[in-house]
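Structure first, commentary second.
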Amino acid sequence: MSVGSRLAKALNNGSFAVTGELGPPKGAGIDQLKHHAEVMRNHVEAYNITDNQTAIVRTSSIACGAVLVQMGLEPTIQIVVRDRNRIAIQSDVLGAVALGIKNILCLAGDHQKFGNEPQSKGVYDIDSIQLLKMLKDLRDERVFAGGDKLEGEVDYFLGAVENPFADPFEYRVDRLEKKIKAGAGFIQTQCIFDLERFKKWMELVRERGLHKKVKIMGGVTPIKSMGAAKYMKNNVSGITIPDSLIDRLRGAENKKAEGLNIAVETIQQLKEIEGVAGVHIMAIAWEEVVPEIVERAGLYPRPQL
């Protein structure tokens, strides 16, 4: 555990932790990112900064993370293996630590064919589990992937993502266990709309005692419209949205208000599931509603850490 990480403290002292998400812009102007960070300042422990999400070129997650550090806020930078080999990854992580970044989320990254540079070459020198192990060894053993010794020390809180909804379902907990063994201290899940399937996954997690080895944060995304719900249901791999939820939105006079209601209710149910240590709110292009969701879910004020 990174002793300097606010997120680590919240997760490890029994608080029901809350994190938000910020997507860097497709340019160098970061005023809007700073505005959204300020809006959430007193409502989240940390902010995920995505790393060229959906394989679209955006401002560096590390640079944006450094800006948040300057604002007195805590970023969780994402590092994907799509774009970097192990030399570049280790170099970037050392640079991030030097800039005051304390949380790192390890991912494979969306395939480049889905983004705005489909002709680019994917690197994938290592996979996301090997990334966790490499960064764990860098921190704990003070050794680089090639065997050389690290000069001095580094400290950061390592995390990973997991999708309880992807098929084959029975292998999802196996993959989670591998990530824990590789070094994950916290897990953020895919957006949760199918609570029954998530509860079944958590049962499997508890059967193996994995909830005692890692801090699991449930992913929640407020839905703005019927179009957004249908798009996620039909086009986003690994997301399941029950027909009952679609029907509920369809019958609502105010779709945005109902989407917020669903998000709040989801968080309230997640709080009651044994082994869920927090929530990660992904209000994509709707960041200003995060404070309302946190307050209505009974998670405000946040604990003093």
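Determine the pairs where a residue that is within 19 Å of MET217 (Cβ to Cβ) and among the acidic types (Asp, Glu), located within the range 28-48, has a partner that is modelled with pLDDT of 95 or more and part of a helix (DSSP H, G or I) with Cβ atoms under 6 Å apart, the partner being 6 or more residues away or on another chain.
Close Cβ pairs satisfying both conditions: GLU45/ARG6; GLU45/LEU7; GLU45/ALA10.
Tell me yes or no: at least one residue of the range 108-117 is over 18 Å from ALA182 (Cβ atoms), of a type in the set (Lys, Arg) and out of contact with any Ser or Thr (no Cβ under 7 Å at 6 or more places or on another chain).
Applying the first criterion (over 18 Å from ALA182 (Cβ atoms)) to the range 108-117 yields 110-117.
Remaining after also requiring of a type in the set (Lys, Arg): 113.
Filter once more, keeping what is out of contact with any Ser or Thr (no Cβ under 7 Å at 6 or more places or on another chain): 113.
The answer is yes; a qualifying residue exists.
Whether any residue in the range 289-304 is without any contact (Cβ under 8 Å) to a residue 12 or more places away in the chain, surrounded by fewer than 18 Cβ atoms within 10 Å (Cβ to Cβ) and either in contact with a Pro (Cβ under 8 Å, 6 or more places away or on another chain) or over 24 Å from LEU204 (Cβ atoms) (or both) is what I want to check. Working first, answer last.
Taking the range 289-304 and keeping what is without any contact (Cβ under 8 Å) to a residue 12 or more places away in the chain, we get 304.
Among the residues that remain, those that are also surrounded by fewer than 18 Cβ atoms within 10 Å (Cβ to Cβ) are: 304.
When the remaining residues are screened for being either in contact with a Pro (Cβ under 8 Å, 6 or more places away or on another chain) or over 24 Å from LEU204 (Cβ atoms) (or both), the result is 304.
Looking through the range 289-304, at least one residue is without any contact (Cβ under 8 Å) to a residue 12 or more places away in the chain, surrounded by fewer than 18 Cβ atoms within 10 Å (Cβ to Cβ) and either in contact with a Pro (Cβ under 8 Å, 6 or more places away or on another chain) or over 24 Å from LEU204 (Cβ atoms) (or both).
Quick check on this structure: which one of ILE216, ILE180 is under 30 Å from LEU94 (Cα atoms) and surrounded by 22 or more Cβ atoms within 10 Å (Cβ to Cβ)?
Numbers: ILE180 fails: surrounded by 22 or more Cβ atoms within 10 Å (Cβ to Cβ).
Being under 30 Å from LEU94 (Cα atoms) and surrounded by 22 or more Cβ atoms within 10 Å (Cβ to Cβ) holds for just one of ILE216, ILE180, which is ILE216.
Has the range 226-246 got at least one residue that is modelled with pLDDT of 95 or more, acidic (Asp, Glu) and in a helix (DSSP H, G or I)?
No: the range 226-246 contains no residue that is modelled with pLDDT of 95 or more, acidic (Asp, Glu) and in a helix (DSSP H, G or I).
Give the residue, chosen from SER237, SER225, SER244, that is over 15 Å from PHE16 (Cα atoms), in contact with a helix residue (DSSP H, G or I) (Cβ under 9 Å, 6 or more places away or on another chain) and among the polar types (S, T, N, Q). Even if it seems obvious, please write down each step before you answer.
Details: SER237 fails: in contact with a helix residue (DSSP H, G or I) (Cβ under 9 Å, 6 or more places away or on another chain); SER244 fails: in contact with a helix residue (DSSP H, G or I) (Cβ under 9 Å, 6 or more places away or on another chain).
Just one listed residue meets the conditions, SER225.
Return the residue satisfying two criteria in turn: it lies in the range 230-256 and is more than 18 Å from ARG197 (Cα to Cα) and among the acidic types (Asp, Glu), and of such residues it is surrounded by the most Cβ atoms within 10 Å (Cβ to Cβ).
Within the range 230-256, the first condition is being more than 18 Å from ARG197 (Cα to Cα), and the residues that meet it are 230-231, 235, 247-256.
Then keep just the ones that are among the acidic types (Asp, Glu); that gives 247, 253.
Details: ASP247: 10, GLU253: 6.
The selected residue is ASP247.
For the structure I just gave you, tell me whether ASP137 is out of contact with any helix residue (DSSP H, G or I) (no Cβ under 8 Å at 6 or more places or on another chain), of a type in the set (D, E, K, R) and at pLDDT below 95.
On the way: out of contact with any helix residue (DSSP H, G or I) (no Cβ under 8 Å at 6 or more places or on another chain): yes; of a type in the set (D, E, K, R): yes; at pLDDT below 95: no.
No; evaluated as a whole, the condition is false for this residue.
Looking at GLU117 and the list (1) among the charged types (D, E, K, R); (2) over 27 Å from THR19 (Cβ atoms); (3) surrounded by 16 or more Cβ atoms within 10 Å (Cβ to Cβ), which single condition is not satisfied?
Failed condition: (3).
Search the range 82-93 for residues that are free of Cβ contacts under 8 Å to residues at least 40 places away in the same chain and part of a helix (DSSP H, G or I) and pair each with any residue that is surrounded by 18 or more Cβ atoms within 10 Å (Cβ to Cβ) and not aliphatic (A, V, I, L, M) when their beta-carbon atoms are under 7 Å apart and the residues are at least 6 apart or on different chains.
ASP92/ARG84
Take the residues in the range 1-56 that are of a type in the set (Asp, Glu) and not in a strand (DSSP E or B), then tell me which one is surrounded by the fewest Cβ atoms within 10 Å (Cβ to Cβ).
To start, the set of residues in the range 1-56 that are of a type in the set (Asp, Glu) comprises 21, 31, 38, 45, 51.
Among the residues that remain, those that are also not in a strand (DSSP E or B) are: 31, 38, 45, 51.
Values: ASP31: 8, GLU38: 11, GLU45: 24, ASP51: 23.
So the residue we want is ASP31.
Taking ALA257, is it at pLDDT below 95 and over 22 Å from PHE165 (Cα atoms)? Reasoning before the result, please.
Numbers: at pLDDT below 95: no; over 22 Å from PHE165 (Cα atoms): yes.
Considered against the rule, which asks whether it is at pLDDT below 95 and over 22 Å from PHE165 (Cα atoms), ALA257 comes out as no.
Do we find that GLN304 is of a type in the set (S, T, N, Q), at pLDDT 95 or above and farther than 14 Å from HIS36 by Cβ in this structure?
Values: of a type in the set (S, T, N, Q): yes; at pLDDT 95 or above: no; farther than 14 Å from HIS36 by Cβ: yes.
No.
Are any residues in the range 144-187 more than 18 Å from the chain's Cα centre (by Cα), in a loop (DSSP other than H, G, I, E, B) and among the hydrophobic types (A, V, I, L, M, F, W, C), and if so, which ones?
Those that are more than 18 Å from the chain's Cα centre (by Cα), in a loop (DSSP other than H, G, I, E, B) and among the hydrophobic types (A, V, I, L, M, F, W, C): PHE144, ALA145, LEU150, VAL154.
The values are calculated or read from the model by the stated rules, or taken from the named source; none is laboratory data. Keep in mind that this is a model prediction, so the values were computed, not measured. Every residue, glycine among them, receives a Cβ derived from its backbone with ideal geometry; neighbour counts consider all protein chains shown.
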